[in-house]
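To keep things clear, I will list the structure first and then write my remarks on it.
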Amino acid sequence: MQTSNLFALPRPGLRWLPVWRRNFLVWRKLAIPSILGNLADPLIYMLGLGYGLGGLLPQVSGVSYVSFLAAGTVVASTMHAATFEALYSGFSRMHVQKTWDAILVTPLSLDHVLAGELVWAASKSLLSGFAILLVITALGLTASPLALWAVPVIFLTGLTFAAM
């Protein structure tokens, strides 16, 4: 009989990649509606609140309300995408679809499944946050190439919220 240490750190290695790839291949079938859904809500906020309400508000320290809202929209979209993917979609794959049961019959361990799910949720949040970053750039709300430094922060934010 093998005893396991309850306090051992996970050792996923790179064997999480098939789990991530499986989730990507499933998502790819519905990519267009997924991307449109991730863009629609923040875009409505940007147009309605940013330009609508923002037109009535004064600038604070030289920053318009729509510019202030743009940065918050990138972060909120990133957090929402990662949280939704990890909670709802992950639970559905685990409990309803029994995908995790099928994966655990293979040589992969629970560490691999969890690491794959976390990186997948962070990847989806990266897609969502980057799409919003493109939208606010297209709207002229960011002119500096320093905005590209937000991309790794978006991924790390997604990983953090997925891990919760």
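The values are calculated or read from the model by the stated rules, or taken from the named source; none is laboratory data. Since the model is a prediction, treat every value here as computed from it, not as a measurement. Because the Cβ atoms are built from the backbone with ideal geometry, glycine has one as well, and the counts that use them run over all protein chains shown. To get the accessible areas, we keep the full protein, side chains included, count just its heavy atoms, and leave off ligands, DNA and RNA. Shrake-Rupley method; radii C 1.70, N 1.55, O 1.52, S 1.80 Å.
Among the numbered criteria (1) under 23 Å from PHE155 (Cβ atoms); (2) of a type outside the set (A, V, I, L, M); (3) open to solvent by 70 Å² or more (accessible area, probe 1.4 Å); (4) modelled with pLDDT of 90 or more, which single criterion is violated by LYS29?
LYS29 satisfies every listed condition except (1).
Just wondering, is there one or more residues in region 85-102 that are of a type in the set (Asp, Glu), modelled with pLDDT under 85 and open to solvent by 70 Å² or more (accessible area, probe 1.4 Å)? Before the answer, list the steps.
Kept after step one, since they are of a type in the set (Asp, Glu), are these residues of region 85-102: 85, 101.
From what is left, the residues that are modelled with pLDDT under 85 are none.
Checked against the condition, which is being of a type in the set (Asp, Glu), modelled with pLDDT under 85 and open to solvent by 70 Å² or more (accessible area, probe 1.4 Å), region 85-102 yields no hits at all.
Residues to consider are ALA102, ALA131; find the one that is closer than 27 Å to TRP16 by Cα, touching a residue at least 24 places away in the same chain (Cβ under 8 Å) and not basic (Lys, Arg). Steps first, please.
Working: ALA102 fails: touching a residue at least 24 places away in the same chain (Cβ under 8 Å).
Checking each option against the conditions leaves just ALA131.
For a quick check of your reading of the model, give me the residue pairs whose first member lies in region 54-67 and is on the phi < 0 side of the Ramachandran plot, whose second is open to solvent by 100 Å² or more (accessible area, probe 1.4 Å) and assigned to a loop (DSSP other than H, G, I, E, B), with beta-carbon atoms closer than 8 Å and at least 6 apart or on different chains.
TYR65/GLN59
Here is a check on your reading of the model: is ALA81 aliphatic (A, V, I, L, M) and closer than 21 Å to ALA147 by Cα? Can you show your working first?
On the way: aliphatic (A, V, I, L, M): yes; closer than 21 Å to ALA147 by Cα: yes.
Yes, satisfied.
Which of the residues spanning region 55-66 are surrounded by fewer than 18 Cβ atoms within 10 Å (Cβ to Cβ) and either under 25 Å from PHE130 (Cβ atoms) or charged (D, E, K, R) (or both)?
First, pick out the residues of region 55-66 that are surrounded by fewer than 18 Cβ atoms within 10 Å (Cβ to Cβ): 55-64.
Result: VAL63, SER64.
Within region 104-134, which residues are closer than 10 Å to THR78 by Cβ and touching a Pro at 6+ places or on another chain (Cβ under 8 Å)?
ILE132, the sole residue that qualifies.
Do you know which of the residues in region 107-164 that are within 17 Å of GLY90 (Cα to Cα), open to solvent by 30 Å² or more (accessible area, probe 1.4 Å) and among the polar types (S, T, N, Q) is farthest from the chain's Cα centre (by Cα)?
SER109
Only one of THR157, THR137 is among the β-branched types (Val, Ile, Thr), assigned to a helix (DSSP H, G or I) and at pLDDT 95 or above. Can you tell me which? Steps first, please.
Numbers: THR137 fails: at pLDDT 95 or above.
Answer to the check: THR157.
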